[in-house]
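Novice: Okay, handing you the structure first.
The values are calculated or read from the model by the stated rules, or taken from the named source; none is laboratory data. Keep in mind that what you see is a predicted model, and the values were worked out from it rather than measured. Here Cβ is always computed from backbone atoms with ideal geometry, including for glycine, and neighbour counts include all displayed protein chains.
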Amino acid sequence: MAGSTFGRLFAVTNFGESHGPMVGCVVDGCPPGLTLCAADLQPDLDRRRPGTSRHVTQRREPDLVQIVSGVFEGKTTGTPIGLLIQNEDQRSKDYDNLVQTFRPGHADYTYWHKYGLRDPRGGGRASARLTAPMVAAGAIAKKWLLEQYGCVIRGYLGQLGPIEIPFARWEDVSANPFFAPNAALVAPLEDYLDELRRAGDSVGARIHVVAERVPVGLGEPLYDKLDADIASAMMGINAVKGVEIGAGFRSVAQRGSEHGDELTPEGFASNHAGGVLGGISTGQPILVSLAIKPTSSIRIPRRSINSEGTAQSVHTEGRHDPCVGIRATPIAEAMLALVLIDHALAQRAQCADVKVSTPDIARKAQS
C-alpha cells in the first residue's frame, strides 16, 4: 500500500490496522541528541485515546507507547525511532454483518474497488485508530520545535455541530473532554451529545490549531509551500473535509485594504494570512482551521448495496464516536508539528547561513 509515509526529512511511516495486534510507526530523520522517553509522548496519546468520557467511543485502549529503537541512554541517536502501541480492546464480531456490505460515508466501497479486498473490522486501515502513532510521532516533533525555537502548538474545538464555541481561555481547553476553550458552554455541549447518542446519529466539528513562535522563513516557493503542506497534512486526517489557513474563505468578502497584513516596526498589524506569505512562514502564529464531517458509523438504518450490487439496509453496531471531532484536537496539533519540523530541517539544511539586517518583527511582537 502506497501513501503510508509522511514527510521527507522527518519521515513517519505508519503501520497497522484498527483490529490488528498493534499499530505503530517508524520515525526516520529525527536529529540526534534530543532527550526522549515514552513519558514525553504519553500525555498527547492520553488526550487522543478512546474511552475518556461518555461522549466518545467506549473502546478501552490504554494506548501506552513503547519506544523500541532510536534512543540510547535517554537521547535520540539519529537512527530510526520505532514506536509501538498495542491494540487491547478489539471487538471484531461487531462487524460480522459488514463483510459483504458497504457503509455509507465510509471507505468500504473505495477500498474494495481499489484493492479487491478489505478488512471490515473497525475500518481496518481506514480507521482513525491509525492516528495514534501520528500523535506519538508529533509529540517528538513538538518537543524538538519547542527546544529549538520556543515553538508552542495547541488547538481547541471551535464548533460542535450547530453550537459555535467562542474562544475564552486556553486554560479551559484541558479542563473538559471536548477541548472547548469556553467553560460556560461545556454543559450545553454535554446535553447536545447525550441527545445525539440516544438518537444513534452523529455530527461534525470545527477544530482550530495555532502554532506560536514559528521561525520566519519555513517553506518553499511554488510546489512545497508551507501552507500547501499544512493543508495536505490536515486533509490526511480521517474525516477532514475542509481546511482554512488564516482568514480562509472569509477572505472572499474582504477587500485588499483589509486582508493584506500591514507591517509596522512593532510587528504585523493583523494576521489574515495565517502566518504564511508566498508559501513561507512570516514568523507570526500559524492559524489553521479544520472542518470534520459527521461520523459515518451510525445506528440509524441507511441504504447501501452489497458486493454483488444488491440493495441493502445498513446500520452499524459497535462503539463509535458520535462526533470524531472531539478527539481530533491532539491529532491536528501533531500533524501541524510534523509539517513544521520537516520544513525547519529543510530550512536549516539550505538556508542556515542566510543573514539579513531586517528585524524579525513577528518574533519581536510575540516576545
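Novice: Here's a check for you: in segment 176-215, which residue that is of a type in the set (Gly, Ala, Ser) and modelled with pLDDT under 95 is farthest from the chain's Cα centre (by Cα)?
Specialist: Here is the first cut: in segment 176-215, the ones of a type in the set (Gly, Ala, Ser) are 180, 183-184, 187, 199-200, 202, 204-205, 211.
Next, only the ones that are modelled with pLDDT under 95 stay: 199-200, 202.
On the way: 199: 28, 200: 25, 202: 20 Å.
So the residue we want is 199.
Novice: Might you check whether a residue that is in contact with a Phe, Trp or Tyr (Cβ under 7 Å, 6 or more places away or on another chain), surrounded by fewer than 18 Cβ atoms within 10 Å (Cβ to Cβ) and farther than 30 Å from residue 282 by Cβ occurs anywhere in segment 126-133? Working first, answer last.
Specialist: The initial filter retains those residues of segment 126-133 that are in contact with a Phe, Trp or Tyr (Cβ under 7 Å, 6 or more places away or on another chain), namely 126.
If we keep only those that are surrounded by fewer than 18 Cβ atoms within 10 Å (Cβ to Cβ) as well, we get none.
Looking through segment 126-133, none of the residues is in contact with a Phe, Trp or Tyr (Cβ under 7 Å, 6 or more places away or on another chain), surrounded by fewer than 18 Cβ atoms within 10 Å (Cβ to Cβ) and farther than 30 Å from residue 282 by Cβ.
Novice: What are the residues in segment 145-172 that are in contact (Cβ under 8 Å) with a residue 24 or more places away in the chain and assigned to a helix (DSSP H, G or I), if any?
Specialist: Correct list: 145, 147, 148, 149.
Novice: Further, regarding this structure: Hey, can you tell me all the residues within segment 174-213 that are buried (at least 17 other Cβ atoms within 10 Å of the Cβ), touching a helix residue (DSSP H, G or I) at 6+ places or on another chain (Cβ under 8 Å) and without any contact (Cβ under 8 Å) to a residue 40 or more places away in the chain?
Specialist: Across segment 174-213, the qualifying residues are 176, 180, 181, 182.
Novice: Between a residue in segment 341-367 that is under 24 Å from residue 34 (Cα atoms) and at pLDDT 90 or above and any residue that is of a type in the set (D, E, K, R) and exposed (fewer than 14 other Cβ atoms within 10 Å of the Cβ), which pairs come within a Cβ distance under 7 Å, given they are 6 or more apart or on different chains?
Specialist: 342/8
Residue-by-condition table, conditions (1) buried (at least 16 other Cβ atoms within 10 Å of the Cβ); (2) under 20 Å from the mean Cα position of the chain (by Cα); (3) not β-branched (Val, Ile, Thr):
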{"residue": "4", "(1), (2), (3)": "no, yes, yes"}
{"residue": "7", "(1), (2), (3)": "yes, yes, yes"}
{"residue": "16", "(1), (2), (3)": "yes, yes, yes"}
{"residue": "21", "(1), (2), (3)": "no, no, yes"}
{"residue": "27", "(1), (2), (3)": "yes, yes, no"}
{"residue": "37", "(1), (2), (3)": "no, no, yes"}
{"residue": "43", "(1), (2), (3)": "no, yes, yes"}
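Novice: Output the number of the condition that residue 90 fails; it satisfies all remaining conditions of (1) of a type outside the set (Gly, Ala, Ser); (2) surrounded by fewer than 19 Cβ atoms within 10 Å (Cβ to Cβ); (3) within 22 Å of residue 333 (Cα to Cα); (4) modelled with pLDDT under 95.
Specialist: The number of the failed condition is (3).
Novice: Need pairs with beta-carbon distance below 6 Å; first residue touching a residue at least 24 places away in the same chain (Cβ under 8 Å) and over 25 Å from residue 30 (Cβ atoms) and within segment 122-144, second surrounded by fewer than 21 Cβ atoms within 10 Å (Cβ to Cβ) and of a type outside the set (D, E, K, R); sequence gap 6+ or separate chains.
Specialist: Partner pairs satisfying both residue conditions: 122/19; 126/107.
Novice: Still on this model: Report yes if some residue within segment 96-119 is assigned to a loop (DSSP other than H, G, I, E, B) and either closer than 19 Å to residue 46 by Cβ or modelled with pLDDT of 90 or more (or both); otherwise report no. Quick ask: steps written out before the conclusion?
Specialist: Pass one, segment 96-119, residues assigned to a loop (DSSP other than H, G, I, E, B): 99-100, 102-107, 116-119.
Going one step further and asking which of them are either closer than 19 Å to residue 46 by Cβ or modelled with pLDDT of 90 or more (or both), we end up with none.
Among the residues of segment 96-119, not one is assigned to a loop (DSSP other than H, G, I, E, B) and either closer than 19 Å to residue 46 by Cβ or modelled with pLDDT of 90 or more (or both), which makes the answer no.
Novice: Residue by residue through segment 285-315, note down the ones that are touching a His at 6+ places or on another chain (Cβ under 9 Å) and free of Cβ contacts under 8 Å to residues at least 24 places away in the same chain. Before you say what the answer is, go through the steps one by one.
Specialist: As a first pass, look at segment 285-315 and keep what is touching a His at 6+ places or on another chain (Cβ under 9 Å): 287-290, 295-302.
Passing the criteria: only 301.
Novice: Name every residue in segment 314-367 that is aliphatic (A, V, I, L, M) and not in a helix (DSSP H, G or I), in order of residue number.
Specialist: Residues of segment 314-367 that are aliphatic (A, V, I, L, M), as a first pass: 314, 324, 326, 328, 331-332, 334-341, 344-346, 349, 352, 354, 356, 361-362, 365.
If the condition is that a residue be aliphatic (A, V, I, L, M) and not in a helix (DSSP H, G or I), then 314, 328, 352, 354, 356 are the ones that fit.
Novice: Tell me, which residue of segment 296-338 that is surrounded by fewer than 24 Cβ atoms within 10 Å (Cβ to Cβ) and among the hydroxyl-bearing types (Ser, Thr, Tyr) is farthest from the chain's Cα centre (by Cα)?
Specialist: That would be 310.
Novice: In this structure, does residue 216 turn out to be in a strand (DSSP E or B) and touching a residue at least 24 places away in the same chain (Cβ under 8 Å)? Write out each step before concluding.
Specialist: Details: in a strand (DSSP E or B): no; touching a residue at least 24 places away in the same chain (Cβ under 8 Å): yes.
Here the answer is no, as residue 216 does not meet what is asked.
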